[in-house]
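Undergrad: Submitted below is the structure of interest, expressed as structure tokens.
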Amino acid sequence: MYRQPDTVASRLEAIRSLIPEGVQLVAVSKFHPVSAIKEAYDAGQRRFGESRVQELCEKIPQLPRDIEWHFIGHLQTNKVKQLVGKTSLIESVDSTRLLKMIDEESRKKDIVAKILLQVHVAAEETKFGFTPSELIDFFSSKAYESLSNTHISGLMAMASNTDDEDRIKKDFRKVAELFNKIKTSISPELRDFDTLSMGMSGDWPLAVAEGADMVRIGSAIFGERVY
Ligand SMILES: *Cc1c(COP(=O)(O)O)cnc(C)c1O
């Protein structure tokens, strides 16, 4: 009988063995303690995702410095100052206002912030992000040319929260098509626009099949979150 592996290290190992080469794994550690992150770190994981600024800021000084932190939650504009400079990638930029504030703060700190733009394709109204047509307008108008200290590295998305695999596949496919369109025809001059972050514990194989090259997996590594 197959038994579910039951440590962070063994779950991480199991997932790593399934993820194709070239797909980056973000271990989503939000709501999990520093001790769990340490376990994953000791098993070789270096890339972690957090969704709240305060939680991230508390965890950073307690953990090794070579961790790459990804911010994946909704970022409130009043937290931009606190966050900028602490991440290797902000995956969840969901408005042009936020983008401008990140750019401004990065300029003040004399750094370049790497970010992804979040796309909204899911059924739920509660999810954040640009609609595909807003992004087409954004790239067509070359709005990114006014950014001096922000590098747009790609797109991030979540699929609808449903058991309907067809719907999930359609959501991912829509984002992948948008990503390829921006990359090859709308803004081919953009350098290093190469990251498509899609897929979580329950749906990442579908995301990878549609072209994701970054997956964000939390509960399948760390167990259920206690909020
Ligand atoms: C929490 C979260 C994840 C991870 O979800 P799991 O189902 O635990 O794998 C991935 N992406 C985003 C944006 C999240 O907020």
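The values are calculated or read from the model by the stated rules, or taken from the named source; none is laboratory data. Predicted model only: the values in this text are computed from it and were never measured. Reconstructed Cβ throughout: ideal geometry from the backbone, glycine too, with neighbour counts over all protein chains shown.
Undergrad: Being of a type in the set (D, E, K, R) and in contact (Cβ under 8 Å) with a residue 12 or more places away in the chain is the filter; apply it to segment 162-190 and report the residue that is nearest to Ala113 (Cα to Cα). Give the steps one after another, and end with the answer.
TA: Looking only at segment 162-190, we keep the residues that are of a type in the set (D, E, K, R), and these are 163-167, 169-171, 173-174, 177, 181, 183, 189.
This time we only want the ones that are in contact (Cβ under 8 Å) with a residue 12 or more places away in the chain, so: 165, 167, 169, 171, 173-174, 181.
Working: Glu165: 35, Arg167: 33, Lys169: 31, Asp171: 28, Arg173: 27, Lys174: 26, Lys181: 24 Å.
So, considering only residues that are of a type in the set (D, E, K, R) and in contact (Cβ under 8 Å) with a residue 12 or more places away in the chain, the one nearest to Ala113 (Cα to Cα) is Lys181.
Undergrad: Out of (1) touching a helix residue (DSSP H, G or I) at 6+ places or on another chain (Cβ under 9 Å); (2) within 16 Å of the ligand (Cβ to nearest atom); (3) at negative phi, the odd one out for Gly199 is which?
TA: Just one mismatch for Gly199, condition (3).
Undergrad: I'd like to check something: does segment 57-70 contain any residue that is among the polar types (S, T, N, Q) and at pLDDT below 95? Please lay out each step first, then the result.
TA: Here is the first cut: in segment 57-70, the ones among the polar types (S, T, N, Q) are 62.
With at pLDDT below 95 added as a condition, the list becomes none.
No - not one qualifying residue is present in segment 57-70.
Undergrad: Select, from Leu147, Leu135, Leu190, the only residue that is within 18 Å of His120 (Cα to Cα) and either surrounded by 15 or more Cβ atoms within 10 Å (Cβ to Cβ) or of a type in the set (Phe, Trp, Tyr) (or both).
TA: Values: Leu147 fails: within 18 Å of His120 (Cα to Cα); Leu190 fails: within 18 Å of His120 (Cα to Cα).
Going through Leu147, Leu135, Leu190 in turn, the sole match is Leu135.
Undergrad: Can you tell which of Asp171, Asp94, Asp166 is under 30 Å from Pro205 (Cβ atoms), away from the ligand (no atom under 16 Å from the Cβ) and acidic (Asp, Glu)? Give the steps one after another, and end with the answer.
TA: Working: Asp171 fails: away from the ligand (no atom under 16 Å from the Cβ); Asp94 fails: away from the ligand (no atom under 16 Å from the Cβ).
Result of the check over Asp171, Asp94, Asp166: Asp166.
Undergrad: May I ask you to list pairs of residues, at least six apart or on different chains, whose Cβ atoms are under 6 Å apart, with the first in segment 143-161 being under 11 Å from Val93 (Cβ atoms) and the second being within 13 Å of the ligand (Cβ to nearest atom) and assigned to a loop (DSSP other than H, G, I, E, B)?
TA: Qualifying pairs under 6 Å: none.
Undergrad: Hey, Gln82 hits all of (1) in a loop (DSSP other than H, G, I, E, B); (2) in contact with a helix residue (DSSP H, G or I) (Cβ under 8 Å, 6 or more places away or on another chain) but one; which does it fall short on?
TA: (1)
Undergrad: Next up: Go through (1) surrounded by 15 or more Cβ atoms within 10 Å (Cβ to Cβ); (2) without any contact (Cβ under 8 Å) to a residue 40 or more places away in the chain; (3) not charged (D, E, K, R) for Thr77 and report which single condition fails.
TA: The single condition Thr77 does not satisfy is (1).
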